[in-house]
1. Return the residues of the stretch 89-119 that are over 12 Å from the mean Cα position of the chain (by Cα) and over 19 Å from residue 10 (Cβ atoms); say none if nothing qualifies.
2. Check residue 28 against each of (1) among the basic types (Lys, Arg); (2) within 39 Å of the chain's Cα centre (by Cα); (3) modelled with pLDDT under 85 and name the one condition it does not meet.
3. Would it be correct to say that residue 62 is modelled with pLDDT under 95, surrounded by 12 or more Cβ atoms within 10 Å (Cβ to Cβ), polar (S, T, N, Q) and more than 30 Å from residue 99 (Cβ to Cβ)?
4. Just give me the residues in the stretch 107-122 being within 13 Å of residue 3 (Cβ to Cβ) and without any contact (Cβ under 8 Å) to a residue 12 or more places away in the chain, in sequence order.
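The values are calculated or read from the model by the stated rules, or taken from the named source; none is laboratory data. What you see is a predicted model; the values in this text were computed from it and never measured. When we count neighbours, we look across all protein chains shown, and the Cβ atoms used for this are built from the backbone with ideal geometry, even at glycine.
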Amino acid sequence: MAFKFKLERLKDLRERYEEMSRIELGKKIEERLAIEKEIASLNKKIEAFSLEFKNEIKKSVSVSKLTNMIDYKKQLNSLLSNLVIKLNQKIQEEEIARNNYLNAKKEKDVLQKLQERRFESYKTDEKRKDIKELDEIAQMNYFTKGGENRDE
């Protein structure tokens with residue numbers, strides 16, 4: 001009789017769910033990294049603009065150009081604030097995805113260990129059956145040979 005794990009379909013389902021959760025976590029990490037990259041790029045842009053702004057102020061600058069530069073800097077800062085908010089959301093989404101993955105992995109591992117324990121139990125039972133069968137064969141051979149020796 002071959003070993004059959006009754007929860008095999010459930011275990012397979014849990015393995016697929018774990019894999020999907022792992023992929024989802026990878027996507028969330030990539031999204032977070034992309035936003036972090038955008039923030040770093042925007043910070044460089046703000047730094048460069050700040051230097052340009054300081055240089056322009058040293059020169060004589062028209063009021064309209066100064067106003068435009070101030071508005072542009074406000075726009076960059078607003079964009080940076082929005083990206084930081086978006087980054088915080090992505091970090092939360094990543095944490096949720098990580099927890100989902102860890103839970104899925106835990107559930108799969110529990111079923112995997114259960115399967116291993118049941119397989120070990122199955123092997124032990126099969127060994128017991130084999131030993132019992134061999135003992136019965138040995139007893140039958142002993143009594144059969146023992147009976148022949150008594151008749152002689």
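1. 89, 90, 91, 92, 93
2. (3)
3. Numbers: modelled with pLDDT under 95: yes; surrounded by 12 or more Cβ atoms within 10 Å (Cβ to Cβ): no; polar (S, T, N, Q): yes; more than 30 Å from residue 99 (Cβ to Cβ): yes.
Judged against the criteria, residue 62 is not a match.
4. If the condition is that a residue be within 13 Å of residue 3 (Cβ to Cβ) and without any contact (Cβ under 8 Å) to a residue 12 or more places away in the chain, then 116, 117, 120, 121 are the ones that fit.
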